[in-house]
Amino acid sequence: MTVQLPLEKSDLAPTAETGSGISAILPDLAFRRMSIVNVIFYGEPATDAGWVLIDTGLSTSRQAIIEAAERRFGRTRPPSAILMTHGHFDHAGSLEALAQHWDVPVYAHRMEFPYLNGQASYPPADPLVGGGAMALLSPLYPRSPVDVGQWLQPLPQDGSVPFMPGWTWLHTPGHAPGHVSFWRAADRCLIAGDAIVTTGQESIYEVMTQRPEMHGPPRYLTPDWDAAQRSVLELAALEPEVIITGHGPPVRGANMRARLHQLADNFREIAVPAGRPYALDPAKPGKRGNDTYR
Ligand SMILES: [Zn+2]
Ligand SMILES: [Zn+2]
């Protein structure tokens, strides 16, 4: 029996629909759900200040992201940069196309670089832990590694986030070696990528219903469960007020935080698939092709 941590309606962050499928969580933070994955827009639409795209959805999401961006920020305002929480195919699917379209820098943690500059593919998804989302998305598995090498920049050493004043990036590995989360202390706002998610991803039923729950990283692509737990403990210790994750609705408030601590403190029982941890060989830099996804 898997332990689950359901979230109530009152745990969902209120959002305002602003057109083109975009939901605003805060005046300067909005997202659009692309099929099963969220892409995030940071920046105030009404000002001349720049804006930033965080993650890029599936390979089929390119046009919808451009349309949503133009709707929110105007036709003549490309983003200042694209930031990546990590490089999995459901977050980096439209990355090459968008980097080309806007010709802007792409920031990521150095440990994700091999997966973003064409050097390596991720280890294979673990089929034994339930791959609902993976099965659903199998036609979209990448055929070759992502390569945005010419636009790729490391996140600054000092923890600051380019074009996002007041934010810091946190290294939250486990689900991916260079996975990062973004944190704004002033209003305790957290962009958590897939370090935690707020809906189950392991069965097609869960993916279709998107029932809100506090959930560890998607199981099928998480190679390092010890690191994943340390990351969740670190995020819980921040006591976030609002969280938007890579999958599922944005959440907020005290009951949500209680569930997050439950997840962090009982991570092995709740998040880690039975019979694990398993350790996959990290993908080798230098390896080309992408047999692992076939
Ligand atoms: Zn992921
Ligand atoms: Zn994901």
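Of note:
- Ranked by how many other beta carbons lie within 10 Å on average, peptides 192-201, 105-114 from highest: 192-201, 105-114
- Taken over the chain, the ratio of Cα radius of gyration to 2.2 N^0.38 Å equals 0.92.
- Against the rule of thumb 2.2 N^0.38 Å, how large the Cα Rg of the stretch 1-99 comes out: 1.14
- Protection proxy ranking for 255-268, 84-97, 173-186, using the average of other Cβ atoms within 10 Å per residue and placing the highest first: 84-97, 173-186, 255-268.
- Over the chain, dividing the summed -39,500 (n - 2.57) contributions of all DSSP H runs of at least 4 residues by the number of residues returns a 222 nm mean residue ellipticity of -6000 deg cm²/dmol.
- Ordering of 52-61, 156-165 by packing is 52-61, 156-165, highest average first (other Cβ atoms within 10 Å, averaged per residue).
- Under-5 Å amide H pairs with Gly21, H placed in peptide plane, nonlocal only: none
Bear in mind that the values in this text are calculations on the coordinates, not laboratory data. A quick note: this is a predicted structure, and the numbers were derived from the prediction, not measured. When we count neighbours, we look across all protein chains shown, and the Cβ atoms used for this are built from the backbone with ideal geometry, even at glycine.
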